Amino acid sequence: MRNIAICFAVLIALFAGPSAVTKTADTGRLVAIDILLLPDAAMVQRVEAVNRRLLKESPGGFALDATHIPHMTLLQCYVREADLGAVRRAVEDVFRHASLKDMRLTATGYFNGPVGPVNATGIVVATTEPLASLHRNIVDAVTPFIRHGGTAAAFVGMPRSATIGWTVGYVDKFLANSSGPKFSPHVTAGAGNANAVAALLAEPFTPFSFTVEGGGIFQLGDVGTARKRLWTLRPQG
């Protein structure tokens, strides 16, 4: 009877499939990653200008720099450190079939969203079918590797801040709250106090076009910042 029970348990595990695995905590070290697009100079210059303004009016924010990269998120999630190579290969395959160099996007306005006790702001990007399709394909490719139960230890610097609890939960719930029909492309410019952000949102915004310089995988920092480059692809042509 004992052998029959063991065989039955093994069959259940085999037929449970990858989706069942992703719902359980994993004993391997987890890394918080952002699979993202790198915007061109036109967008980078705009968000950097907003970032400088927010820092002047709200010194407690973060500066966009070499370890806080302007970006447009396609997917945030936790994966096992041991799976990073497989994740990279899956993402690279999607990017290489996506014609990133031909992607034309439009910035349509500013946004504001609470990040724990602070206000994040940046530039909204209109969703196009190629962009939505790229997002879906990235989600499909990476879902088998997604794990849950990440902590501050999964982020660059193991941050201890008033916002890290919010960030930990946001990444864990990205698939449920920010993917598929809820995918909302944007480029975050920084964080500021309510008055600084309100003044920015009250100003007129002229839409502008921009392109994509490449894509990549970065390890996340607090408040969704792209802190550590793990891999990037910049298409030729």
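The values are calculated or read from the model by the stated rules, or taken from the named source; none is laboratory data. Keep in mind it's a predicted model, so treat the numbers as computed, not measured. Cβ sites come from the backbone with ideal geometry, for glycine too, and all protein chains shown count toward neighbours.
Give the residues of segment 32-66 that are within 15 Å of residue 216 (Cα to Cα), modelled with pLDDT of 95 or more and not charged (D, E, K, R), sorted by residue number.
32, 33, 35, 36, 37, 38, 39, listed by residue number.
For a quick check of your reading: which helices (runs of 4 or more DSSP H) sit entirely within segment 65-173 and have at least 3 residues that are touching a His at 6+ places or on another chain (Cβ under 9 Å)?
It comes to none.
Would segment 181-193 turn up any residue that is touching a residue at least 12 places away in the same chain (Cβ under 8 Å), buried (at least 21 other Cβ atoms within 10 Å of the Cβ), of a type in the set (Ser, Thr, Tyr) and under 22 Å from residue 106 (Cβ atoms)?
yes
When you check residue 17 against the structure, is it touching a strand residue (DSSP E or B) at 6+ places or on another chain (Cβ under 8 Å) and either in a loop (DSSP other than H, G, I, E, B) or modelled with pLDDT under 50 (or both), yes or no?
So residue 17 does not fit the description; no.
If a residue has to be in a loop (DSSP other than H, G, I, E, B) and under 23 Å from residue 228 (Cβ atoms) to count, how many in segment 47-64 make the cut?
Qualifying residue count for the region: 5.
Looking at (1) surrounded by 14 or more Cβ atoms within 10 Å (Cβ to Cβ); (2) under 19 Å from residue 35 (Cα atoms); (3) among the hydrophobic types (A, V, I, L, M, F, W, C), which is the only condition residue 176 fails?
(1)
Which one of these is over 24 Å from residue 117 (Cβ atoms), modelled with pLDDT of 95 or more, of a type outside the set (A, V, I, L, M, F, W, C) and in a loop (DSSP other than H, G, I, E, B): 206, 232?
One residue alone meets the criteria, 206.
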